[in-house]
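The values are calculated or read from the model by the stated rules, or taken from the named source; none is laboratory data. No experiment lies behind these values; they were computed from the predicted model shown. In this analysis, Cβ positions are derived from the backbone assuming ideal geometry, glycine residues included, and neighbour counts consider all displayed protein chains.
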2 protein chains.
Amino acid sequence: MTTINPFTKQILMTAGPTPVPPRVLAVMAEPVLYHRAPAGVALYASVLDRLRPIFRTQNDVLAFASSGSGAMDSAVANLVRPGTKVLACAAGKFGERWIELCEAYGAELVRYEPGWGTRLDAQEIARLLDAEPGIEVVFATLSETSTGIVHDVEAIAAVVRERGALLAIDAVSGLGAAQLEQDAWGVDVVVAGSQKALMIPPGLAFASVSQRALDAAAAKPGGRYYFDWVQTAKQQRKDPPNSPFTPPVTLLAALDVALGMIEEEGIENVWERHALLARATRAGAAALGLELYGDPDDRANVVTAIVLPDSIDGKQVPKILRDAYGITANGGQSQLAGKILRIAHCGYFGGFDILTSLSGLEMTLAQLGHPVEQGAGVGAAQRVFLEAGVPVATGSPA
Amino acid sequence: MTTINPFTKQILMTAGPTPVPPRVLAVMAEPVLYHRAPAGVALYASVLDRLRPIFRTQNDVLAFASSGSGAMDSAVANLVRPGTKVLACAAGKFGERWIELCEAYGAELVRYEPGWGTRLDAQEIARLLDAEPGIEVVFATLSETSTGIVHDVEAIAAVVRERGALLAIDAVSGLGAAQLEQDAWGVDVVVAGSQKALMIPPGLAFASVSQRALDAAAAKPGGRYYFDWVQTAKQQRKDPPNSPFTPPVTLLAALDVALGMIEEEGIENVWERHALLARATRAGAAALGLELYGDPDDRANVVTAIVLPDSIDGKQVPKILRDAYGITANGGQSQLAGKILRIAHCGYFGGFDILTSLSGLEMTLAQLGHPVEQGAGVGAAQRVFLEAGVPVATGSPA
């Protein structure tokens with residue numbers, strides 16, 4: 001038996017922070033720009049402009065130095081006062097963050113919690129809105145990172161708009177991975193973060209806010225400052241736009257490069273790439289006889305949650321992947337700890353990343369006493385790529 | 001007349017973002033760490049531990065992904081509820097930020113505004129506390145970046161502690177540049193940012209919070225989430241510490257390198273270097289016949305605000321420095337626009353940076369029709385360095 005481990009190269013395969021492309025990393029090593037000098041102002045303006053097509057919106061995309069949860073906080077701080085009646089939808093850990101936020105800000109809270117791994121049902125949301133008059137804001141999730149489910153925001157938006165409430169969507173892991181059409185679908189608020197499909201490190205977050213949502217925030221002044229939408233929009237609407245506070249300039253420089261990469265590939269192609277990677281992952285899991293967690297459909301393009309065999313200690317899977325194979329991957333969170341492995345395909349991911357994740361999983365399962373045919377999952381994923389006509393038919397990130 | 005400009009190299013000389021050392025920039029180009037993997041957790045723990053000696057505290061130094069204003073917001077969001085009686089001290093733009101924050105959160109606000117450029121008077125703060133019973137929190141500033149004044153926080157802390165109120169200090173630009181002894185002086189809350197004397201880009205901010213302040217926050221729950229101190233302290237106190245939200249991992253990696261540089265130099269030597277750079281800057285200004293703004297004393301070690309001659313268009317000074325000489329420097333803000341030039345010596349600054357700033361200023365004044373003896377300010381600054389025994393007697397950043 002050898003003591004040499006050929007798998008010591010470290011490979012980041014998590015759903016956030018996600019891998020950052022080399023040319024994005026490189027720009028962060030350049031000298032820092034002063035944000036009020038012309039080059040810094042131009043960078044800020046460029047990023048704000050180039051974000052709109054990613055959100056598919058004409059809105060102001062408000063930028064904050066914060067993690068994605070900061071932008072979620074901004075949505076509640078701007079739209080909720082003690083006693084504001086809201087509906088929070090949660091079918092996983094990040095949906096539950098909306099509940100925690102609404103409670104922290106004293107909302108009169110109606111909860112819709114169909115259970116982790118479930119898809120939110122637009123008709124049930126419609127029923128709750130009809131049964132509970134006076135709901136001003138509905139909070140829901142695009143991609144529920146804890147379960148892999150991507151919710152049908154288009155259908156949810158249709159029933160919420162019809163009933164006049166505002167809709168705020170957590171798209172932190174979804175934006176740029178799963179299709180989202182903010183304006184066409186009529187979503188008032190979309191919240192996102194930098195460290196997922198936008199392919200840069202954490203530290204920048206966004207709230208793309210409709211005029212209707214901005215007006216609602218203006219009608220509830222006070223109780224916030226750093227995350228105030230009204231002030232932020234006022235400053236960003238100046239020509240050139242002005243950042244209310246010192247922005248994280250290295251992350252802005254990184255994002256400008258990353259947005260250029262998304263433009264080169266084309267956002268529809270980016271979505272298609274994610275869809276193809278997800279299909280290959282699902283095929284790989286199936287070939288290994290493994291079930292997917294919950295009830296994913298063909299929207300589940302951000303992260304694939306694979307149920308681990310009952311017969312093994314599931315908490316060992318991410319540990320062995322990391323310690324033996326150099327792969328940092330996500331196990332399950334909270335109630336799913338030890339029960340699932342999440343294979344990410346969110347942002348700067350390509351076909352060989354999926355094959356690597358599946359290879360690592362196959363070897364890890366064997367080590368844990370759940371032998372699978374080595375290469376079977378990988379082969380199934382490869383067949384998906386071949387059937388899709390890769391590399392001819394699809395774009396790929398540079 | 002030549003058309004060749006030998007001054008096209010771009011030089012960042014602002015008081016925030018400040019120049020970032022090459023070895024700090026380099027680490028940001030390394031692949032991103034997953035914050036929950038052992039290496040990410042170890043990085044987070046290292047940074048939290050190494051910050052304490054910079055704040056001169058045994059407190060929890062709470063870390064937030066935000067700009068410095070976000071950490072200021074956290075202080076008000078955690079200590080102020082509608083009707084909480086507070087005293088806000090403001091003698092410049094950043095002091096006024098405390099006032100705006102207290103108003104946003106509905107405080108019953110007592111203001112102490114002795115005028116821009118003035119040093120806050122601890123005895124007047126004592127008088128106000130005695131005259132206005134029930135003040136729970138006093139907000140003040142260490143280094144007022146807009147004017148260059150560094151306030152006597154030790155004296156302020158003495159009178160505030162004696163009267164039982166909490167004291168929160170904005171040390172965003174001051175920490176690591178001007179002496180601050182949080183525990184010895186009895187300052188409950190010190191707020192700081194990453195992009196000043198900590199020598200990394202913007203996007204990380206800190207609140208070093210005493211147990212007394214944490215208890216006060218716990219007694220005023222709700223109305224906040226992302227910036228909640230109680231939750232953040234609870235997570236950070238775990239072993240190993242846990243980041244409540246995804247932290248800006250590239251900035252943590254940068255900070256770990258920068259803190260190592262500060263440790264190598266020694267925090268007292270860092271303060272001394274700033275003091276020496278400030279003395280040289282003041283000598284340079286005096287040799288050019290220029291006054292300093294306001295009433296700085298030998299604590300004014302972060303940025304030196306030089307009053308520009310009335311006879312010139314002062315707004316042209318930073319513009320010419322930038323366009324003709326490649327130096328990005330700060331003019332005045334708000335009511336001081338066009339009236340002052342601020343020469344920064346905050347963070348990764350050395351003697352030649354000061355000489356460069358003074359050289360640029362001398363040439364710029366000549367171009368604007370206010371001739372000064374070229375080299376006179378530079379020479380005066382050099383004499384300060386020589387008299388101090390440089391390079392023998394002082395440490396210098398690598």
Using beta carbons and a limit of 9 Å, which pairs, at least six apart or on different chains, have the first residue in segment A:30-53 and within 18 Å of residue A:176 (Cα to Cα) and not assigned by TED's automatic domain parsing to the domain that holds residue A:190 and the second one of a type outside the set (Val, Ile, Thr) and crowded, with 20+ Cβ neighbours inside 10 Å? none
Restricted to segment B:86-118 and to residues being without any contact (Cβ under 8 Å) to a residue 40 or more places away in the chain and assigned to a strand (DSSP E or B), the residue farthest from residue B:153 (Cα to Cα) is B:108
Where residue B:187 falls short, out of the listed (1) in contact (Cβ under 8 Å) with a residue 40 or more places away in the chain; (2) touching a helix residue (DSSP H, G or I) at 6+ places or on another chain (Cβ under 9 Å); (3) surrounded by 24 or more Cβ atoms within 10 Å (Cβ to Cβ): (1)
Quick one: what pairs do we get from segment B:210-234, first residue under 17 Å from residue A:71 (Cα atoms), second among the small types (Gly, Ala, Ser), C-beta under 6 Å, 6+ apart or different chains? B:224/B:77; B:225/A:104; B:226/A:69; B:226/A:70; B:227/B:74; B:227/B:77
Taking residue A:300, is it within 14 Å of chain B (Cβ to nearest Cβ) and closer than 24 Å to residue A:170 by Cβ? no
Output the helices (runs of 4 or more DSSP H) that fall wholly within segment A:293-398 and possess 2 or more residues being touching a Ser or Thr at 6+ places or on another chain (Cβ under 6 Å), or say none. A:316-325
Is it the case that segment B:236-257 has a residue that's assigned to a helix (DSSP H, G or I), more than 23 Å from residue A:224 (Cβ to Cβ) and free of Cβ contacts under 8 Å to residues at least 12 places away in the same chain? no
Is there a residue in segment A:45-56 that is part of a loop (DSSP other than H, G, I, E, B), surrounded by fewer than 24 Cβ atoms within 10 Å (Cβ to Cβ) and small (Gly, Ala, Ser)? no
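To keep it simple, each residue is scored yes or no on (1) more than 8 Å from every other protein chain (Cβ to nearest Cβ); (2) closer than 19 Å to residue B:240 by Cβ; (3) in contact with a Leu (Cβ under 9 Å, 6 or more places away or on another chain).
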{"position": "B:8", "(1), (2), (3)": "yes, no, no"}
{"position": "B:15", "(1), (2), (3)": "yes, no, no"}
{"position": "B:27", "(1), (2), (3)": "yes, no, no"}
{"position": "B:31", "(1), (2), (3)": "no, no, yes"}
{"position": "B:39", "(1), (2), (3)": "yes, yes, yes"}
{"position": "B:65", "(1), (2), (3)": "no, yes, yes"}
Only one of these is at pLDDT 95 or above, over 21 Å from residue A:231 (Cβ atoms) and within 14 Å of chain B (Cβ to nearest Cβ): A:135, A:149, A:99, A:125. Name it. A:99
Per the list (1) crowded, with 20+ Cβ neighbours inside 10 Å; (2) of a type outside the set (D, E, K, R); (3) part of a helix (DSSP H, G or I); (4) under 18 Å from the mean Cα position of the chain (by Cα), residue check on residue B:285 breaks on (4)
Residue under evaluation residue B:142, criteria (1) out of contact with any His (no Cβ under 8 Å at 6 or more places or on another chain); (2) under 14 Å from residue B:299 (Cα atoms), criterion not met: (1)
